[in-house]
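Just so it is clear, none of the values below were taken in a lab; they were calculated from the coordinates. All values derive from a computational prediction rather than experimental measurement. Every residue, glycine as well, gets a Cβ built from its backbone with ideal geometry; the counts of neighbours run over all protein chains shown.
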Amino acid sequence: MVSIDQIIQRTVNPFDSTTFRPGNFWHDDHSQQSTIHSIHQEIVLGVSQLLKQVEGDRRSRTLVLSGDSGSGKSFLLGRLKQTLNPQAFFAYIGPWPESDYIWRHTLRHTIDSLTCIPEGEQESQLLLWLNSLSAFRDEGLLKKVIGERNLFIHNFKSTYPSGIYNANEFFSILYHLTNPDLYSLACDWLKGDDLDQESLKLLNVRSSIETEHQAQNILGNFGRIATATQPIVLCFDNLDNVDRSDRGYIDLQALFNVNSIIHNQKLKNFLVIISIITDTWRENSPHVQPADLARVDQELHLRPVDIPAAIALWERRLSPLHQQADSPANSSLYPLSEADLHRKFPGNKALPRSVLMLGRQEFQKAKLRLQDNRPVFQEVDQLAAFHLTWEKELAKSRKTVQEIRQFSAPELMKMLREALEALNVTGVEPKLLQSPTYSRYSLSFYWSLTLGRIGVIWIEEPNLNSFCRVMKSCQEALRKNTCQYLYLIRAENLGVPKNQGYRRYQALFVDSIHKHIIPQIESLQILATYHNLVNAAEAGDLLVGDRPVNRQELKELVVTSEVLQSCRLLQNLGVFERNLGSLLPQQTLDGVQSEDSLMRERLKEYMFALVKTQQLVGRNVLMESTRSQFPDMTPEGIDGAIGVLCDEGAIVILNPESDADEQLITVTP
């Protein structure tokens, strides 16, 4: 058996800051999160009561949920979803890239969430919603539903005879949701993908959702036929990275326009939750029209927690360590103490994140005190801590980002623009193309004043008519000298020689100075990772080591750590070359390393960063932590990487003569 002191020396700090930040509650692993029910219980009860009111009279309601950075707003949204999902369908809606795209963004993210499968269920929220409709429950219909599209549509139109926008096509899409072979395609239509003619024909619809008005009405259809179903909870979160108004304020007015339309058009069965930082709400709400603010039914504010709740937070994190020990410790808080909390928080109140950060510091002190003759290091290596943060977020992106088309064109361009700006690329500007419809598919930047402006077009829409129009806009941009060079980013089909769009594409990008880049999913995962960190930094929720990091500090860490250099898309755009005006040193991309070689380097870098931030860690714990981050690596490969790091003098095993499960590793002094 092993003592609690030995476990503390070997383990990764249970208060590690990479575990503090939740995001989209459909992407987070809530099985690893610990809920203290006494924390913000009054907020949970308040939201539950408001949801019951919606259930009772079907009238939509709006709640503003405010709190300081670190008060636990995003975590609370996940807790609400986990607690109330049996009574309602939940949608997570992150920051919108453009204010004039907000309805399409809201619809897209609502459908994305509705396609998720709740805990304990076999079907998605969308199918559970569809099955709960009274028209769908008709027994005569159920006997004939497969292959009986016209009967399905007739039954729905009879049940909902008025107020449904584009009823025939909408009910046709609902019908195809019941067909496993067409379910994904029907979901793509509902999300607003610009589908090709073949796909539209399969769905028995004439066109895709192309405008804000159409997106608004399709979302409205869910409200108009929802009287027999559970409510839909729309959770808007991370609002600090949304589009800004002409006066520089966060454009909350766009969101409140959406909210007012939900109320004014009497769309039923929605609960709108707007999660926002208290200071952001205080500074920006005066710029929202009073009539729209009046549509808020309730405001709830997250307050600091008391000492008993802080103790419970610490106990929940320390409990797994205590359970491994051969004998119980003197205190459930060991190696911490309640006195640490009273000393740090004399007012007996603290934000949950502050409690966890104190736990990290005190645990680290105790861990090093247990190792004989070791100084207590206070300074956290920011770069090493950032590598761990990046790898954790990248691992999450690799699980959740599986298709390039799961993002809209404005989202793709925003992610690319953020990465270019982080790398200090010169003169990045959105909307190169002058087409009001397709400008959001483009951006531009400078290579140099002598070489001129570079245009980038990213269009993944399957509709070849749209592709043709974008190619025509590209030709016009070159003819008007809006840019001097063009890059086309597209993984989707280009068409065939008989298509006009394909011929325009060939004239532009085949045997030309203009280039076509086929993006890889790995590049998009990297861009999405940085985008998620930007959202967190803007909201004050990005912790690196022991302190919050703002967006400018994040950019500096990205440049120093070179984490974006492995993005093939950015490499293909040439942004790591000196003549772009980037502040980065010149990168040599000739003789690109193999994927295996890059993976081994990432593995070593991660392990070294983990040892450096933990300062002391058990060999087996290091292997287990690395394996969870790099599941494709074998134990032999990870163990070999430890040997290489030792040979290179980066780390040292303090007791090499001991068994592997007793060995302690630290950085070389």
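Report, by chain and number, residues whose modeled amide H sits under 5 Å from the one on Val544, excluding near sequence neighbours (fewer than 5 apart, same chain).
Val549
In debye, nearest 20, what is the charge dipole magnitude of the range 82-136 about its Cα centre with +1 on Lys and Arg Cβ and -1 on Asp and Glu Cβ, if you could check? Don't skip to the end; give the middle numbers.
Details: 2 positive and 6 negative charges, 21 e Å.
Charge dipole, the range 82-136, about its Cα centre: 100 debye, nearest 20.
Name the lysines eligible as straight-distance cross-link partners of Lys266: C-alpha to C-alpha under 19 Å, and not fewer than 8 places from it in the same chain.
Hits, sequence-local ones excluded: Lys52.
If packing is taken as the average number of other Cβ atoms within 10 Å across a peptide's residues, how do 162-173, 97-108, 433-444 rank, most packed first? Display every interim value, and only then the final one.
Details: 162-173: 17.2, 97-108: 21.8, 433-444: 19.4.
Going from most to least packed, we get 97-108, 433-444, 162-173.
How far apart, in nm, are the 7 Å Cα→Cβ label points at His213 and Ala167?
About 2.0 nm separates the two model spin labels.
Quick check: net charge around Ser566, other residues with Cβ under 9 Å of its Cβ, Lys/Arg +1 and Asp/Glu -1?
Counting the neighbours of Ser566, the net charge comes to 0.
Go through 553-561, 358-366, 328-336 and give me the packing order, highest mean Cβ count within 10 Å leading. Display every interim value, and only then the final one.
Values: 553-561: 17.8, 358-366: 20.0, 328-336: 15.4.
For the peptides 553-561, 358-366, 328-336, the packing ranking is 358-366, 553-561, 328-336.
Hey, with R₀ at 45 Å, roughly what FRET efficiency would Asp326 and Leu45 work out to, going by the Cβ-Cβ distance, to 0.05?
Numbers: r = 41 Å, r/R0 = 0.92.
Using R0 = 45 Å, I get an efficiency of 0.60.
To make sure I understand the rule: partners must be lysines, Cα under 20 Å from the Cα of Lys498, and not fewer than 8 residues away in the same chain. Which ones qualify?
Lys472
Would you give the gap between the C-alpha center of the range 619-669 and the C-alpha center of the range 264-278, rounded to a whole Å?
After rounding, the separation between the Cα centres reads 50 Å.
How big is the gap, in Å, between the Cα center of the range 293-323 and the Cα center of the range 492-523?
Value for the Cα centre distance between the two parts: 52 Å.
For the charge dipole of the chain, defined by +1 on Lys and Arg C-beta atoms and -1 on Asp and Glu C-beta atoms about the Cα centroid, which residue among Thr529, Gln9, Asn24 has the Cα displaced farthest towards the positive pole?
About the Cα centre, the residue reaching furthest to the positive side is Asn24.
Please state the charge dipole magnitude for the chain, taken about the Cα centre, from unit charges on C-beta atoms (+1 on K and R, -1 on D and E), reported in debye and rounded to the nearest 20. Intermediate results must be reported in sequence, preceding the final value.
Values: 68 positive and 80 negative charges, 418 e Å.
That gives a dipole near 2000 debye.
Straight distance only, please: which lysines reach the Cα of Lys399 with their own Cα at less than 28 Å, same-chain residues fewer than 8 apart left out?
Answer for Lys399, where 28 Å is the Cα cut-off: Lys73, Lys81, Lys191, Lys414, Lys555, Lys604, Lys612, listed by chain and number.
Taking amide H positions as placed in the peptide plane 1.01 Å from N, state which residues far from Val233 in sequence (5 or more) or on other chains have amide H under 5 Å from it.
The list, which skips near neighbours in sequence, is Phe89, Phe90, Ala91, Leu271.
Please give the contour-minus-distance gain from Lys498 to Leu293: 0.36 nm per residue of separation, less the Cα-Cα distance, rounded to one decimal in nm. Spell out each step's value before the answer.
Details: separation 205, 0.36 × 205 = 73.80 nm, distance 5.40 nm.
Residue separation times 0.36 nm, minus the Cα-Cα distance, leaves 68.4 nm.
Given N residues in the range 380-592, what is its alpha carbon radius of gyration divided by 2.2 N^0.38 Å? Can you show the working numbers first?
Numbers: Rg = 17.8 Å, N = 213, 2.2 N^0.38 = 16.9 Å.
Ratio of Cα Rg to 2.2 N^0.38 Å: 1.05.
Tell me, how many Å apart are the Cα centres for the range 407-428 and for the range 36-66?
37
Among rounded, prolate and oblate, which fits the range 1-70 when a ≥ b ≥ c are the square roots of the eigenvalues of its C-alpha gyration tensor, a/c under 1.5 means rounded, and a/b larger than b/c means prolate?
On the way: a/c = 3.14, a/b = 2.78, b/c = 1.13.
Judged from the Cα gyration tensor, the range 1-70 comes out prolate (a/c at least 1.5, a/b above b/c).
In the chain, which helices (entire DSSP H runs) extend 24 Å or more along their own long axis, judged by Cα positions, while averaging at least -0.5 on the Kyte-Doolittle scale?
On the way: long enough: 41-57 (25 Å, 0.12); 307-324 (26 Å, -0.10); 352-369 (26 Å, -0.69); 382-400 (27 Å, -0.71); 521-538 (25 Å, 0.36); 595-614 (28 Å, -0.66).
Span-like helices, by this rule, are 41-57, 307-324, 521-538.
Just check the range 440-480 against the gyration tensor rule for me: Cα atoms, a ≥ b ≥ c as the square roots of the eigenvalues, rounded for a/c under 1.5, and otherwise prolate or oblate depending on whether a/b exceeds b/c. Don't jump to the answer; show the numbers that get you there.
On the way: a/c = 4.23, a/b = 1.99, b/c = 2.12.
Cα axes put the range 440-480 in the oblate bin.
Taking +1 at the Cβ of each Lys and Arg and -1 at the Cβ of each Asp and Glu, which of Ile153, Leu203, Ser628 sits farthest along the dipole of the chain towards its positive end, judged by Cα position relative to the Cα centre?
Ile153
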